[in-house]
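Have a look at the structure below before the remarks.
The values are calculated or read from the model by the stated rules, or taken from the named source; none is laboratory data. Note that the structure is predicted; figures quoted are calculated from it, not measured. Neighbour counts run over all protein chains shown; Cβ positions are idealised from the backbone, glycine included.
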Amino acid sequence: MPQEHQLASGTAGRAALDGYSWRQAAHWVHGAGLYVATHGPRFGETTLRLVEVLAELTPCRPTIAHLMRRLKCSKRTVQYHLQILRATGLLAWRSIGTRLPMTKGQTRVESLASEYERLIPPSYDRALGIRTAGEGLERRMVGISEEGRTVIAELGKKAAKKPRRVRRTVRHSSTERAVSTSRCTPMVGTTHLVSSSSVGDQKTTGDARVTKSITRKKPTGKLAGERRRTVLGQVVTAAMMAAGDLMARVAYRRVPWVRQASHDQLRWVLNDIADRGWSPERAVAWLVEISSHYGAGALWRPERPHALIAHALRQETEQVAYDQELRQDIAARVGPMDNAAMRELAGLAGLFALMDTPAPTPESDPAEETLARAHWAPRTVVAAIDDNVDAAIDRYGVDLVARYAGLAASPNVQIGVR
């Protein structure tokens, strides 16, 4: 296939909406035998395992070294199977990787990885009778024929299974298995095949190897009764997982900087938030708060948002534990008052009518939903500041108004652009 047809701008396929439908198309191409190898490997189990790895990436921008580690293959094998996916119309380049020019003081050459677009080939749509709407890569599936429903159900079963890794076995001929000389090390139970001789009280190398134990150590893993725990060490429950799943879905829609993480990663770090009994709106407000603290979303996009959230959870827990320890230390240092001091304090309170004066209520913070909406649409905060500063402070708080007023005054920041 020419290289211009392997680019996303020149392909005839449509973009896959999710990894599951893309794996279905890959299994169909594998079963249909569309790829005929002239040289190199065929479309097989290794190609399907590569499809599984690429389906997990968002965006699909893997390095060759990462694919080599995941597939446990050589560099040339990975390149061969990437070429197979491009040749069958399942993969296309969005941008081709290249090397960056070296700068002063740089010790090694840096490279940019290629970014791919996962595609559904047009032959797959024709074979299954799939009807699409739209043009180019943005075409979407709107219907399917009755025969195609049966085929796509079978493909769904294959896509749900993980392809097994084929283990290579070394075959030996019967002549190689036979032990002919005393230099070979016999296995336990076959010592009668070896005529080993001893010199004095010393044993030969073959006899010494036979006496060694060949029992293998069992790998140490988790105990059978050990339960999974969250980032903060809480035992995971079904209710916690359900609440974390809901929070992850809401956060993925309303907090853009967390979208680099997968749904499972986001749900896992939000399980501790769900265990506190928070609502999804409060969780979103907390994510917005830590984003303003670390500058995530506005100044930089974290590559591993779940790691940043886990770090913030640990920092918050350590701070709470430190504050509690400090309060206990202060309470231990300040001794209890005697009865005379208490009577004197009560007399002073009655004299100045302090007992009847209600304690001043702290100023209520803005609603969490209002804060989350303000961080989602910062232009509304700037417009409110321009109209009436006092009203904006009453609604959004002094810290948020001061922050956005400073950002609006900066010539290098454009409010509302992400």
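Remarks
- Contacts under 6 angstrom Cβ, first residue in segment 10-21 being at pLDDT 85 or above, partner assigned to a loop (DSSP other than H, G, I, E, B), 6 or more apart: GLY13/GLY89; GLY13/PRO121; ARG14/ARG139
- In the set LEU57, LEU48, LEU67, LEU34, only one residue is closer than 24 Å to HIS263 by Cα and assigned to a loop (DSSP other than H, G, I, E, B); that residue is LEU57.
- Taking the numbered list (1) closer than 16 Å to TRP268 by Cα; (2) free of Cβ contacts under 8 Å to residues at least 60 places away in the same chain in turn, ALA310 passes all entries but (2).
- Selection over segment 297-312 of residues that are of a type in the set (Lys, Arg) and either in contact with a Gly (Cβ under 9 Å, 6 or more places away or on another chain) or at pLDDT below 80 (or both) gives a count of 1.
- Screening segment 14-44 for residues that are over 28 Å from the mean Cα position of the chain (by Cα) and of a type in the set (Ser, Thr, Tyr) and picking the one that is surrounded by the fewest Cβ atoms within 10 Å (Cβ to Cβ) gives THR38.
- Taken as a whole, the condition of being surrounded by 17 or more Cβ atoms within 10 Å (Cβ to Cβ), part of a helix (DSSP H, G or I) and not hydrophobic (A, V, I, L, M, F, W, C) does not apply to THR11.
- Candidates ASP356, ASP399, ASP365 - the one that is among the acidic types (Asp, Glu), within 28 Å of ALA251 (Cβ to Cβ) and modelled with pLDDT under 65: ASP365
- Exactly one residue among THR58, THR47, THR77 is in the same structural domain as GLY10 (by TED's automatic domain parsing) and surrounded by fewer than 17 Cβ atoms within 10 Å (Cβ to Cβ), and that residue is THR58.
Here is a yes/no grid of residues against (1) under 24 Å from THR370 (Cα atoms); (2) part of a helix (DSSP H, G or I); (3) of a type outside the set (D, E, K, R); (4) at pLDDT below 85:
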position	(1), (2), (3), (4)
LEU246	yes, yes, yes, no
TYR252	yes, yes, yes, no
GLN265	no, yes, yes, no
TRP268	no, yes, yes, no
TRP278	yes, no, yes, no
ILE290	yes, yes, yes, yes
HIS293	yes, yes, yes, yes
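- Whenever a residue of segment 31-51 is polar (S, T, N, Q), it has no partner that is at pLDDT below 90 and in a helix (DSSP H, G or I) lying with C-beta atoms less than 9 angstrom away and at least six residues away or across chains.
- Among the candidates GLN106, GLN79, GLN83, residue that is modelled with pLDDT under 90 and among the polar types (S, T, N, Q): GLN106
- Apart from one condition, GLY206 fits all of (1) surrounded by 12 or more Cβ atoms within 10 Å (Cβ to Cβ); (2) farther than 30 Å from TYR404 by Cβ; (3) at pLDDT 70 or above; the exception is (3).
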